[in-house]
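What follows is a short report on a single structure.
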Amino acid sequence: MTQRINILYDIYLNSEKSAISKNKHSDVNALLVFPNYYNVAMSNLGFLRVYELLNAPDFMSCDRAFLQDFNNDERTVYNNRGIISIERRKNILNYDLIFFSLSYENDFINILKILHAENIPFLSKDRQQPDINGSSYYPLIMAGGVISFLNPEPVAPLFDIMFVGEAEAIFPDFLQIVQKHFQSLKKNKQTVKQDILEESSKLEGIYVPSAYDFIFSKRGVLEIPLIENVIVKTSYPEKIKRKWLDYGFTPSISSITSEYAEFSSMKLIEIARGCKRGCRFCSAAFIYLPARKSSIKDVISGIAKAEEFEKIGFVGLDTMDNEYIKTYMQFSLEEKKTFSLSSVRFDCLDESNIDIMNRAGLKTVTLAVETGSERLKKIINKDIKNETILATIKKIIESGIMNIKAYFMIGLPTEDIYDIQETIALIKLMRIQFVESSRKNKRIGKLTIGLSPFVPKAWTPLQWENFENEKTLSKKINFIYKELNNLPNISLNINSVKSAFTEAFFARGSRLSLNILINSFNNNSTIKKAIIASGYKIDDFMRKYSTEEILPWDILDQGITKNYLKEEYDRALKYKTTPGCFEGCKRCGIC
Ligand code: SF4
C-alpha cells in the first residue's frame, strides 16, 4: 500500500505547477487535510488559499493530505492503514496541528474514514488524554471552510476548534497565539495545546465546540423542537461572531495547479465574495454578505502572471454583476487567454459582454435558471421573466457561442405539478430558441439541462422549509425525464436524490446528526437505517422547522438578524420579491 500511494503522490507532485515548496525546519508542523480526493481538493480555491496562508509564516510549514483510495473495499482499506501527507509522506499523527478544510456536507463521512484510519478517537473530548500508545498526545484538530460558518454542528464535536468566517481574517491573530505557545512551551505539547485552545477562544471567529452543551428532547417522547437548550461554559461567548475581510480584499488565486486537478489548465481568480441579489435559497450569497469585490489591482496582476495557463477561471457568485468584469475579460483577451465564468445571471448579459466572451473563444455559457414557474420565481426572489431568458439564449447562440448549460431546481417550497409543467414548458421553449438561433449559425451545439433537488440551507430565508419527500422528488424527476429525454439537442443531467438527501440531512443537522453518522459508519449502514436505529424518524430531520425553535446554527452570529430572515421567509410565502442590497440599506443587520 505504502509503495502504491508513494508512486501516486510522486506523480501528483511532479505534475504540480508553481508548487509551494517549504523544505525548511519549522517550529510548527501543520497539516491541511481535505476530506476528499486529490483532484477535488486541488480544484478548491479555498483549500489552495489556506495552504498558502499556513505556509506564509516563517515559524510554520504546512503539508497536505487527502482521502486515500487503495481499492474498492473502503471498509477494509481504512482498517489499520494510515493517511500520509503528500509532501513529506509523514503520518497524520506526526504533525503538531491538523486543519481540515470543509466545503461539502457529503464529505463528512470521509472525515470519519480519515480519523479511523489513524485510530484517532472521533470526538474531541476523547482526545484530551495521551494517545492509544500512552506515549504521545493528539494534535489540535481544527476545521475551517464554508461549512464551519454555515452550520458546523453536525461535525462540531469532532474538532477542538472551528474557524467561523474567512481564514484570511482569522488566521493573523490565531497564528500569533500558536507561535507564542509553541515557542515558549515546546517541551510539553499537551500544555501548548490547552493554552492555544484557551487563549484563542477569546478571539472573534474561534469556536470551541466542547464549551457548548446542546440539550436535546428525550428519545421516545420526541417532539418538535429537537433542541431544548444550549448551555455555554463560563467565559465562552454566547454566540460566535463570524469574521470577514473588508471591501477590496486580496483575492484567492490558485497557487498550484496539477493536470490531475479538475480545472487543470485554468488559473482560478476570485473576483467577488457574497452576492447582493438576495436569492432566498442561496446560502453562499447570505453567509458571505456584505457582497464585496476583490482588489482590482490584484485581479489584473493575477491575470498578468498567469503565463503558464491557457485559461482564467473567474470565481464569484454573480460574475457578470461585477462592474469590472468587462475590464477583466478584455484584459484576459489582450493577454491571449480564454476565460470561464463560474455563474452568470440572465439580466446582466449585454451584447458587448457576449461579444468579448465570443472573441475569447468561450464555447459554453452556464446559466442558473432555477425554475420556469412564475409563482416559484417570486418565492425564491429570482424573478427573471421567461422572455428575458429566451432573449438571452438567442443573443448567446447568435453571437457564435455554441453551448448552453442551464440549471434548474426541483422540490422548491410549495411546488406542485403545475410548477413542474411550467418548467418543462420553459425548457421546451429554450430548446426551440436554441435550435433556431443555432440554425442561423449553420452549426448546432448542446443544450444541457441540469436538475437538482432543492436543499434548504442554514442562514437563508428558506432555512425553515422541508426537504421534499424522496418519492415525490423521484416522481417529479421521472415526469420531467419522460417529457424531455427524447427531444433532440437536449442533454439531461440529473443530480441524485439520494445524495441530495444526505446533503439535506447534514445541512440543517445538529450534534444528533453526528451520533447518527457515527452509528452508520460503525455499523456500515445507511444514514436512513441509522436514523431509525437511533430511535428517530426520517421526518425529524427533513421536516419544516418552526420559526420559533432553536436552530443548531443559532450558536453563530453571522451578522444577519434572525428577524430579517423571518421577514424574508414571510415575504416568500406571500410571493413578494425583495430588491437586492442598496446604498444606505441597513435592513439585514450586516452593514
Ligand atoms: S444591510 Fe442591506 S446592503 Fe447590507 S448586506 Fe444586508 S441587505 Fe445588503
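Taking label points 7 Å from Cα along the Cα-to-Cβ direction, Asn358 and Ser525 give a separation of 5.9 nm. Annotation: amide H of Ser294 within the under-5 Å range of Ala272, Arg273, sequence separation 5 or more or interchain, hydrogens built in the peptide plane. In units of the compact-protein estimate 2.2 N^0.38 Å, segment 361-494 shows a Cα radius of gyration of 1.08. Fully extending the segment from Ser295 to Ala211, taken as 0.36 nm per residue of separation minus the present Cα-Cα distance, adds 26.5 nm.
Exposure proxy for Leu140, Leu333, Leu53: other Cβ atoms within 10 Å of each Cβ, ordered fewest to most, give Leu333, Leu53, Leu140.
Of the GluC sites (Glu not before Pro) found in segment 498-591, those that fall in a DSSP loop while having at most 12 other beta-carbon atoms within 10 Å are Glu548, Glu583. Counting only residues at least eight positions apart within a chain, or on another chain, the lysines with an alpha carbon under 16 Å from that of Lys90 are Lys22, Lys24. Estimated from helices alone, the mean residue ellipticity of the chain at 222 nm is -11000 deg cm²/dmol (sum of -39500 (n - 2.57) over DSSP H runs with n ≥ 4, per residue). Residues Val230, Val299, arranged from fewest to most other Cβ atoms within 10 angstrom of their Cβ, appear as Val230, Val299. Using a 4.7 Å Cβ-Cβ cutoff, the cysteines of the chain lacking any partner cysteine are Cys62, Cys275, Cys348, Cys581, Cys585, Cys588, Cys591.
Its Cα gyration tensor gives segment 224-337 an equivalent ellipsoid; the semi-axes, largest first and in whole Å, are 36, 17, 14.
Protection proxy ranking of 158-171, 512-525, by the mean of other Cβ atoms within 10 Å over each peptide's residues and highest first, is 158-171, 512-525. On the beta carbon distance between Lys471 and Glu548, with R0 = 30 Å, the FRET formula returns roughly 0.55. Using the Cβ-Cβ distance between Lys498 and Leu13 with R0 = 45 Å, the FRET efficiency computed as 1/(1 + (r/R0)^6) comes to roughly 0.80. Stokes-Einstein at 25 °C, 0.890 mPa s, Kirkwood radius from Cα pairs: D for segment 350-425 in µm² s⁻¹? It comes out at roughly 182 µm²/s. Proximity of backbone amide H atoms, modeled 1.01 Å from N, is registered between Glu228 and Ile215, Phe216, Ser217 at under 5 Å, excluding neighbours fewer than 5 places apart on the same chain. Going from the fewest other Cβ atoms within 10 Å to the most, the residues His181, His116 appear in the order His116, His181.
So what's the projected area for the chain, the Cα convex hull averaged over all directions, in nm²?
Values: hull surface 107.7 nm².
Average projection, Cα convex hull of the chain: 26.9 nm².
Averaging Cα coordinates gives a centre for segment 138-172 and one for segment 462-495; these two points are 34 Å apart.
Derived scalar couplings between HN and Hα for segment 342-353 equal 5, 7, 10, 8, 4, 6, 10, 8, 9, 4, 5, 5 Hz in order, rounded to whole Hz, by the Karplus curve 6.51 cos²θ - 1.76 cosθ + 1.60 (θ = phi - 60°), x for Gly and Pro.
Partner aspartates and glutamates whose Cα lies under 15 Å from the Cα of Lys446, excluding those fewer than 8 positions away in the same chain, are identified as Glu398, Glu436. Remark: for residue pairs Lys276/Lys566; Lys297/Lys337; Lys482/Lys574; Lys243/Lys293, the C-alpha separation exceeds 21 Å in Lys482/Lys574.
Quick note: the coordinates plus some simple rules give every number you see, no bench work behind them. Fair warning: this is a prediction, and the values are worked out from it, not measured in the lab. Here Cβ is always computed from backbone atoms with ideal geometry, including for glycine, and neighbour counts include all displayed protein chains.
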